[in-house]
Amino acid sequence: MATVPVFLIFAVAAFAQSVTGFGFALVAVPLLGSVIDPKAAVVTVGVVSLFLTTGTAMADHRHVRWTVALAFSGAALLGMPLGLLVLSEVSASTLTALIAVVVTGCAAIVWRGWQLEPTPLRVGAVGVLSGLLLTATGTYGPPLATAVRAFALEPRAFRATLAAVFTFSGALGVAGFFWSGEATRSTWQLCLVGGFASAIGGWTGSQVLSSLNGAHFRKIVLGALLLSAAVALARAVTTLL
């Protein structure tokens, strides 16, 4: 097992997640897939991400906007069966290209500074999309990050609310890994390394978050989305070649 690269990848991904509230899977999965088996990467990231987001949601539970979190989570349940259908019918290269398109679109929205009115219809649409992307590709953070930003939450509330949504959805994903037998012994070994690294990266990110103002936070969110878009586009090009 490539312990050092795995450790570094998880630490960087957790730092990004802790500061911005999203991006853990988008950073970790493509990088891990280059040093370990891609399927193991998806499972490991899913398990470690659940612990990371649960810890964030518990630590910042006073900052969670529960009405927002429950609305997105409930809508995500409706999208998960659609994602399973896409997963069984669409090629891997098409799914990767879909991720690239979604993330790039989200980056454009943040860059332009658009403030969408968080109507019930829009909340439901984004929730369904996130559920679809979760079960189809394992990557569902950027649409939620863009939509939750429309509620104009301060940085800690933004991060905490996203963590609550990710915890609920991630628990369903991990349950699926157990049910399907994808969580093997080697996966748990990777999870131990990833969990330790994520704790360090997440703590470091929390320290940085406390010193941010709204303008700096927006720039970091945009930077994280652009990085995610670049990673997703690189994955799409690689799979299509």
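The values are calculated or read from the model by the stated rules, or taken from the named source; none is laboratory data. Only a predicted model underlies this, so the values are computations on that prediction, with no experimental measurement involved. Glycine gets a Cβ as well: all are built from the backbone with ideal geometry, and neighbour counts include every protein chain shown. When the accessible area is computed, the model is the full protein with side chains, heavy atoms only, and any ligands, DNA or RNA have been set aside. Shrake-Rupley method; radii C 1.70, N 1.55, O 1.52, S 1.80 Å.
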With x for Gly and Pro, the residue-by-residue ³J(HN,Hα) of the stretch 37-42, computed from phi through the Karplus equation 6.51 cos²θ - 1.76 cosθ + 1.60 at θ = phi - 60° and given in whole Hz, is 4, x, 5, 4, 5, 4
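Work out, step by step, the length gained on full extension between Met58 and Val208: first 0.36 nm times the residue separation, then minus their alpha carbon distance; give nm to one decimal.
Working: separation 150, 0.36 × 150 = 54.00 nm, distance 1.89 nm.
Taking 0.36 nm per residue and subtracting the Cα distance, the gain is 52.1 nm.
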Backbone HN-Hα couplings from phi across the stretch 122-132 [Karplus 6.51/-1.76/1.60, Hz, Gly and Pro as x]: 5, 4, x, 5, 5, x, 4, 4, 5, x, 4
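How large is the translational diffusion coefficient of the stretch 1-119 in µm² per second when you combine the Kirkwood radius over alpha carbon pairs with Stokes-Einstein at 25 °C and 0.890 mPa s? Show your work: numbers first, answer last.
On the way: Rh = 16.5 Å.
My calculation gives 148 µm²/s for D.
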Under a plain spin-label model, where a point goes 7 Å from the Cα along Cα-to-Cβ, how far apart in nm are Ala125 and Leu172? 2.1
In a Debye calculation with equal point scatterers on the alpha-carbon sites of the stretch 130-180 and no solvent, what is log10 I(q)/I(0) at q = 0.13, 0.32 Å⁻¹? -0.34, -1.23
Pop out the ³J(HN,Hα) list for the stretch 141-147 in order, Karplus 6.51 cos²θ - 1.76 cosθ + 1.60 with θ = phi - 60°, rounded to Hz; leave Gly and Pro as x. x, x, x, 5, 4, 5, 5
Surface accessible to a 1.4 Å probe, Ser198 within the full protein complex, Å²: 0
What spacing in nm lies between the two simple spin-label points modelled at Lys39 and Thr184, each 7 Å away from Cα in the Cβ direction? 0.7
Got a sec? Which residues in the stretch 145-166 would a label at Trp66 touch, if it sits 7 Å along Cα→Cβ and we count backbone N under 14 Å? 161, 164-165
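Is it possible to state the helix-based mean residue ellipticity at 222 nm for the chain, with each DSSP H run of 4+ residues giving -39500 (n - 2.57), the sum divided by total residues, to the nearest 500 deg cm²/dmol? What is it?
-28500 deg cm²/dmol
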To the nearest 0.05, how large is the calculated FRET efficiency for Ala108 and Phe196 if R₀ is 35 Å and r is the Cβ-Cβ distance? 0.45
Choice from Val165, Val43, Val193 showing the highest fluctuation, given a GNM over the chain with Cα pairs closer than 10 Å: Val193
If you wrap a convex hull around the alpha carbons of the stretch 11-72, what volume per residue comes out, as a whole number of Å³? 87
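So if we plug the beta-carbon distance of Val4 and Ala234 into 1/(1 + (r/R0)^6) with R0 = 25 Å, what FRET efficiency do we get, rounded to 0.05?
Working: r = 22 Å, r/R0 = 0.89.
The value I calculate is 0.65.
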